[in-house]
Structure formats: structure tokens, C-alpha cells
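Worksheet: the structure to be examined is printed underneath.
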Amino acid sequence: MTYNEIMQSAGKEINPSIYYTINGTTTTLGRDDIKSAKVYFNAPVLGTIMSGLSVEIYDTLPTNTPIYFKNVATLDTYTQNKVYGPYYVKDTQYNADTRTYSIELYDEFLPTMVDYQPITIIYPTTIYDFFIQLVSELNLTTSIASLPNGSLTMDSDIYEDINYTYRNVLDDIAQATASRFKISNGEIELAPLGTTTISIDDDILKNQNIEFGEHFGPINTIVLSRSADSDSIYYPDPLPANPKEFRISDNQLMNGNDRDTFMSSIYNELNGLEYDIYDTQLVGYGGFNPLDLIEISTVENETTKTFTSYVFNNEQTFTQGYEEVIYTELPEATVSEYSAMSSTDKLINQTNLIVNKQENRIEGLVSEQDELEGRISQTEIEITSQGERLNVMSTNIDPETGDILELKRTGYEMGANGLIIDDEQGYKSINNTTGLYYYDNDAMTGKYTKDGGVFNDLALFGRYYYGIDAEQTTVENFTKDDAMFVSQRYVDNNNEVGVGHFYNGD
């Protein structure tokens, strides 16, 4: 009998153990040392597959050491075993009431769950070359020879200083390349969807007449969104009559205005994928591989119901007995308003909202082009921790030659520096908690403060002096008090400059 056949049989005996080796010496914790142990994995449709081990035991486990879990299954004269691991300790907690330790362990992706640091590579580079170098610098290996979208380029390190872990980066790459990554003995591998059907019937199901959820798919539409799903595009175009979408949100590799270049390859990998949603407990199967293809048959009211799906999640719990759970979850529910989307970012009229985690800001763009009048109107908004900036632009274009006839830009900024308005002609005003200031390019031409107002050609409240010397010809130098005269500079009808003086005494 095979291991799985024994685990599916009534009357089986289980003998779990945990072992590790340090400096050539192997330490084993047997059944009496283990209060409970749960072996599990979680697999996404696209991304990295994480396997784990949760144990409650009467001793601690060493950190930075490969830990293995083993179960020996016996039925009559048949004995088989299965080994899981290696795992590495993530967290340890002491339980004073039971004098046990609750320990969480993860597979070899655990070392990747630390802050990302820039890798050594020359930009621009392809996504595939970036992936290969990343794997190398994580001291891992891979035999993956190519990836969908792997030839697309990265102009810079988009992951620097955005609080991502290495695993976050691997998840991003997996999504952008329509892949699933698993790890085994230090090697990152692709995890394909299963093609050989495993049958599960009421003999294995612990609860008969179990209720199953809805059917997901078949996928026929890909949606890429950013900025909390506020800015989305879809593929293919035109849309299918009944879109069944798979959505990817806020992927940094697909956060620019070239998102549409990724979509056909992702569509080709996921088009037609469908499966039933379920959550069921088994008498025992003996464990699955991630993404195994299964067919569940159960009889309800003398009617056989059949469900087809994949094993996205598997949990095996070992105590004095044995329980196994498999389940899958419905991807994030979305009801897209496709009329508000486009199939590309390169349309004449655009509405974009990009979260730039690297520079800690949100960039928004709304643009509209009137081809008949040859005018482009565009508004940009940038939000940072210091405030907001709004740029309003209008461009006149010669419809025949395409030449720019006129470009006007006015910027509005509100934040830590106050309210700032500027334009392309050098005008600038700043209104903050100390006063209102005017500039011609970088030269201050006037100001209003709580002490009064000062301008280059007119000073109020006694701040401009009759007979002022050459060193006091800028606004910043008007610092004395109580003038007897106020002067006004003017140009007369003969284009001659003059100054009028007004007595400011008692």
C-alpha cells in the first residue's frame, strides 16, 4: 500500500516526529514530544507559494537550522512514511499554562521576507535578467529558462526604498509574468496547474452532503488596476460578451503607462481557467501538492454532484489523531464598470492615478484633446506628505503641422510651504503664516506681512525711505522704521522715469 492509501484507511496508526541536524548530530522529537503539528501550504493563482509548519511541542527548536517533519503511517503489515521540509523557525512563544512552545516555521521563502535591498545590475534590464540576478543574490538557484513578459524592460530599480520585502518583489514578478513560484531545496521552480485528476468521493469526505460554493470563471478578461482600483485597463478589446475577469492590483512592474504591453501574455496564460469554490474536511488523503487537479463527487438526495477544482490550500493536523482540510477561496470580488476603463494607457483622453511608492507620492493626470480646435487641456496632481501640487496646462497645436503654437502652465501648491501659485512667465506668489510674497522669477517684488507692505515701486506704512541709498534697493533691505516721506516710482507720457514724494509727517 502507498502512503496515501494507508492515510485514507480506517484503523491506520500515525507516528509523527520532528528532526534536525547540527554539526553532524541529529536530534529527533518523537510523538510524546509533540502535542500538535500542522503542515500546510497556501498557493495563489499567480504569485509565490508558501509552505509552513505550526507545532506545539515541549521543547524549543533552533533558529537558522533546517527543520523536518516526518510521519510514519502503518496499517497492518504495511508501513510508509512522508517527510516535509525543510522549514525554518519564524516565531516562538512559550505557553505557561501547558508548559509548551508554540512555534511557527516557514519554508525556504522565509529568508526572502526581509527588506529588499537594491541588487547589482545595470539598467535598463529585462524583467527576466532582473529575476535571475535577484535569485542569485538571495543565494538561491533556478533552472527557469524564460518567463512570459520576461523580455520587457525595467529602466530603473522601482523597488528601492518602497518598504518591499524580497518576497514582495518575487510576487510582483510572478504576477507580471503570469507565473507561480515554489521553492525546494534552495531552488525556485515554476508551479504549473495540475493536469492529472485526483478523485475524492464520500469515502474520503468526512462530512457527506457538503455544501460547495460558487463557480469561478472561466477567465476571459484581464484587468490591471492601480491606486486602490481607481484606475484600470482591460484586455482583450473588444470585451467578451460576458466578461469573467481576473484582476491584478498595484503591481509595481505594471504601474506605469505601459501596462497594456503586459496584458496579452497574462491573458494567454489564464484564459479559460475555471474552478469550483469549496472548503471541506477529509477523513484523510495523505497530503496534496500545490495546485493538484481534483474532482470531488458527493451524493446528495440520491443525486451525485461533481465539482472540479484545484488544491490551493491544504492543512494536515497531527495530534493523537489526524485531520485534513482542503479549500479554495473566491478571488477578490469585483464588479467592473468597463465603460469607465480603456484597453490602453495611450489614448487621446486619459485619466491616470499612479501611486509612486519609491518617491512617496501619488501622481494624477487628467487630459483631454480637442482635435478640431487643436487644443490639449491637461491637469496633473501630485500628493506627498508635504502637501499637494496641481498643474493646469493648455497647449495650442497647429492641426496641420503639429507645431506647438502656445503653451500655458499654471501651478498651484498647497502644503507645508503655504499656498504657492506660479506660471511659465516667472510669476510666483507665496501665501503662508508669515505673509504674502510676490516674485518675478527668483527676485522678490513685494510683500505683505503683519508689519505692513513693501513693493519695489511703492512702499506703505513708512517702509520706503526718501533718499534711500543704493544698497537698500531690494525689498529685503526695507527694515528701518518710521519714514517721513513715501515715494512712488512712475513712467510719464514721454517714457521718462520719475519719482513722486509724499510727506508722511504729523
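The values are calculated or read from the model by the stated rules, or taken from the named source; none is laboratory data. Everything numeric in this text was worked out from a predicted model, so none of it was measured. A quick note on method: Cβ atoms are made from the backbone with ideal geometry, for glycine too, and the neighbour counts reach across all protein chains shown. Just the protein is used for accessible areas: all its heavy atoms, side chains included, with ligands, DNA and RNA removed. Shrake-Rupley method; radii C 1.70, N 1.55, O 1.52, S 1.80 Å.
Annotations for the structure displayed:
- Residue-normalised accessible area of the stretch 164-322, expressed per residue, 1.4 Å probe, Å²: 41 Å²
- Built amide H within the under 5 Å cut-off of Lys35, gap 5+: Glu56, Ile57, Tyr58
- Under a 5 Å amide H cut-off, with hydrogens placed 1.01 Å from N, Gly213 pairs with Ile277, Tyr278, Asp279 among residues at least 5 apart or on other chains.
- Neighbourhood charge, 11 Å Cβ-Cβ cut-off, centred on Gly217 and excluding it, Lys, Arg +1 and Asp, Glu -1: -3
- The listed residues Met444, Met414, Met1, once ranked by accessible area (1.4 Å probe) with the largest placed first, stand as Met414, Met1, Met444.
- Asp440 contributes about 90 Å² of solvent-accessible surface, heavy atoms of the protein only, 1.4 Å probe.
- Probe 1.4 Å, accessible area per residue of the stretch 45-126, Å²: 50 Å²
- Seen from Pro86, the other residues with C-beta closer than 10 Å to its C-beta sum to a net charge of -2, counting Lys and Arg as +1 and Asp and Glu as -1.
- Relative contact order of the stretch 171-325, defined on C-alpha pairs under 8 angstrom at six or more residues apart (%): 29 percent
- For Arg180, distant residues with modelled amide H under 5 Å away: Gly47, Ala191
- Each Lys or Arg adds one and each Asp or Glu subtracts one; over the other residues with Cβ under 14 Å from the Cβ of Asp33, this totals +1.
- Heavy-atom accessible area, probed at 1.4 angstrom with all protein chains present, ranks Leu53, Leu436, Leu330 as Leu330, Leu436, Leu53, highest first.
- Surface composition of the stretch 1-157: carbon and sulfur make up 45 percent of the accessible area, probe 1.4 Å.
- Three-way shape call for the stretch 36-78 based on the alpha-carbon gyration tensor, with the a/c threshold at 1.5: oblate
- Look at the alpha carbon pairs under 8 Å that are at least 6 residues apart: their mean separation over the length of the stretch 164-261 gives a relative contact order of 24 percent.
- To the nearest 10, the accessible area of Glu269 is 100 Å² with a 1.4 Å probe.
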